[in-house]
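Remarks on the structure that follows.
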Amino acid sequence: MISLTRFMNMDPYILVSAVNMQLRDHEFESLEDLCSYHEIDCKQLEAKLKKNGFTFDKEQKQFK
């Protein structure tokens with residue numbers, strides 16, 4: 001599993017791929033569970049991805 005601890009320095013396309021893969025493959029119940037597991041701030045993660053054109057779809061549990 002790719003560590004998301006340094007997500008602020010990651011390429012946004014690699015980051016969105018890693019986040020979506022982990023949400024899908026590791027059966028996290030929510031984005032908040034994934035962030036808690038990695039000990040990262042969900043609002044910062046969402047802001048970084050939003051800045052690069054990605055928004056979180058709670059129903060499908062992935063960034064698009």
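Using the heavy atoms of the protein chains alone and a 1.4 angstrom probe, what is the accessible area of the chain per residue in square angstrom?
Accessible area per residue: 69 Å².
Which shape class applies to segment 24-64: rounded if a/c is under 1.5, otherwise prolate when a/b exceeds b/c and oblate if not, where a ≥ b ≥ c are the square roots of the Cα gyration tensor eigenvalues?
Details: a/c = 2.38, a/b = 1.21, b/c = 1.97.
Oblate, because a/c is 1.5 or more while a/b does not exceed b/c.
Among PHE28, SER17, PHE54, whose Cα sits farthest toward the positive end of the charge dipole of the chain (+1 at Cβ of Lys/Arg, -1 at Cβ of Asp/Glu, about the Cα centre)?
It is PHE54, whose Cα lies furthest towards the positive end.
For the chain, give the magnitude of the charge dipole about the Cα centre (Cβ charges: +1 Lys/Arg, -1 Asp/Glu; no others), in debye to the nearest 20. The partial results should precede the final answer.
Values: 9 positive and 11 negative charges, 72 e Å.
Using Cβ point charges on Lys, Arg, Asp and Glu, the chain gives about 340 debye.
The values are calculated or read from the model by the stated rules, or taken from the named source; none is laboratory data. Model, not experiment: these values are computed from the prediction. All Cβ positions, even for glycine, are placed from backbone atoms using ideal geometry, and neighbour counts span all protein chains on display. Note: accessible area is taken over every heavy atom of the protein model, side chains too, but ligands, DNA and RNA are not part of it. Shrake-Rupley method; radii C 1.70, N 1.55, O 1.52, S 1.80 Å.
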